[in-house]
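One structure is given here, and the rest of the page talks about it.
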Amino acid sequence: MASTNHANAVSSSSQQFSSLLGCTMESIIHELLYSRSIYPPDSYVHHRHLGVRFHCSRVPQVCDYISNFLKVAVPSIISGVGDSISLVILEEEVANSNQSGTSAGGQQQRIGATKTLERFVFQFQMDNVIYGEDAKPTHVALHNDGGNMLPMDIQHEAMKRDTELASEAKTQMERSMRDCLLQVLSLRGRRRSKDEKAENMSFKLCLHVAEEDKKQQQDDNDIVVASVSGKQCPELVTALNQGEWFQPEESSCLFSTTENANGNSNGSKGLIRPIRHVNLPSCGIKMQMGFAVPSIQN
């Protein structure tokens, strides 16, 4: 019974860690959408996370899209299958329908193509959840001057020590996640270009699967089951197999550059400007939050 309780305690700590990371990412994404002027300001309401007030979209479709994405992305990150999450700000390209010229009265027609304006990248390096390699619970030397300690007492002391370590790790994690959200709130809003229109703006969220030792099994329907170094994420596998997620061309998540000789568009990841770095060995997590800018200016 004692070992079962210990396993349940570790599982509970892992779930709390996952929930904290997911809620923080959700809060950050909503606040970034507000600061990038993707939707009208009056379409947001104020929420609080870890005592910090931020802007949250009140559009159900936007909320559901972000929430459903993170339900798959966060377990993928924690399992080590995914290594980064990107928020991509897009603008749909339009063409002038007035064939005689580009007069001010000419109507614009959407042509379906989009270009990347901005990218926010969250890069992760995960060890064991809650306990990193340098902060795993170690053997606790127990002394009992009154006689031999019973096995049940030893197990109880070990569980108590594990609980203390998990509580300390959670406090550190909350503090770091709060600092990340505060950093996002301090970012300067994006300036729109002269010809930019709000109705042409959109965004998408991307999960990048770790490249190292990546193995993909692909059938004729392009349904992919991915594993990295023997690790798997059931949530990601299910989402892919059920058609809820798809694998886009990598260039669609990058900055547009030029077309090559075959007429295909090349893409650039751009340069990452660090916004916030998190290193929590006690939680087994390293996170780099950055803002990507085009490396080649048109």
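Points to keep in mind about this one:
- Among the residues of segment 42-60, the one identified as in a helix (DSSP H, G or I) and closer than 19 Å to residue 91 by Cβ is 43.
Residue by residue, here is whether (1) under 22 Å from the mean Cα position of the chain (by Cα); (2) modelled with pLDDT of 85 or more holds:
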| position | (1), (2) |
| --- | --- |
| 250 | yes, no |
| 255 | yes, no |
| 263 | no, no |
| 274 | yes, yes |
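- Those residues of segment 25-48 which are at pLDDT 95 or above and among the charged types (D, E, K, R), in sequence order: 26, 31, 48
- Considering the conditions (1) assigned to a helix (DSSP H, G or I); (2) hydroxyl-bearing (Ser, Thr, Tyr); (3) surrounded by fewer than 17 Cβ atoms within 10 Å (Cβ to Cβ), residue 37 is excluded by exactly one of them, (1).
- The residue of segment 198-239 that is modelled with the lowest pLDDT, among those that are open to solvent by less than 20 Å² (accessible area, probe 1.4 Å) and more than 19 Å from the chain's Cα centre (by Cα), is 224.
- Screening residue 104 on (1) out of contact with any Asp or Glu (no Cβ under 8 Å at 6 or more places or on another chain); (2) modelled with pLDDT of 90 or more; (3) of a type outside the set (Lys, Arg) shows it passes everything except condition (2).
- In the condition set (1) modelled with pLDDT under 90; (2) of a type in the set (Gly, Ala, Ser); (3) open to solvent by 60 Å² or more (accessible area, probe 1.4 Å), residue 186 is compliant with all but (1).
- Residue 3 at pLDDT below 90, surrounded by 19 or more Cβ atoms within 10 Å (Cβ to Cβ) and more than 19 Å from residue 206 (Cα to Cα): no
The values are calculated or read from the model by the stated rules, or taken from the named source; none is laboratory data. Owing to the predicted nature of the structure, the values given are computational and were not obtained by experimental measurement. Backbone-built Cβ (ideal geometry, glycine too); neighbour counts: all protein chains shown. All accessible areas refer to the heavy atoms of the entire protein, side chains included, with ligands and DNA or RNA removed. Shrake-Rupley method; radii C 1.70, N 1.55, O 1.52, S 1.80 Å.
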